[in-house]
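The next block holds one structure in the form of structure tokens; read it before the comments.
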Amino acid sequence: MGLLDSLKAKLGPAKHKVADLAQQHGDKIDHGLDKAARMVDEKTKGKYSDKIQSGTGKAKDALDRIQHKDDGTPGGDGTPPPPPPAG
């Protein structure tokens, strides 16, 4: 068993625990991200608003991916959905 296989095996239970917690507390996490973004934006006097907004959006997207991992939607397991048929 290689090093990566060993790490994956050890991190598997933690990954499932994080997904469960994200599903249970997603609203609180979302609210915390918004609150932190507002505070940082105020402290920087709006100088980095676009970057803060972008980072918050990416964090929320990651949270959504974690929350919907097991719902059977394409890409729900972290893999991208298949491309549409050509034509």
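A short reminder: the numbers here are calculations on the coordinates, not readings from a lab. All figures in this text were calculated on a predicted structure; none of them were measured in a lab. Every residue, glycine among them, receives a Cβ derived from its backbone with ideal geometry; neighbour counts consider all protein chains shown.
Looking across segment 25-72 at every residue that is out of contact with any Gly (no Cβ under 8 Å at 6 or more places or on another chain) and part of a loop (DSSP other than H, G, I, E, B), the one that is surrounded by the most Cβ atoms within 10 Å (Cβ to Cβ) is identified as TYR48. Can you confirm whether LYS43 is of a type in the set (D, E, K, R) and under 19 Å from the mean Cα position of the chain (by Cα)? No; evaluated as a whole, the condition is false for this residue.
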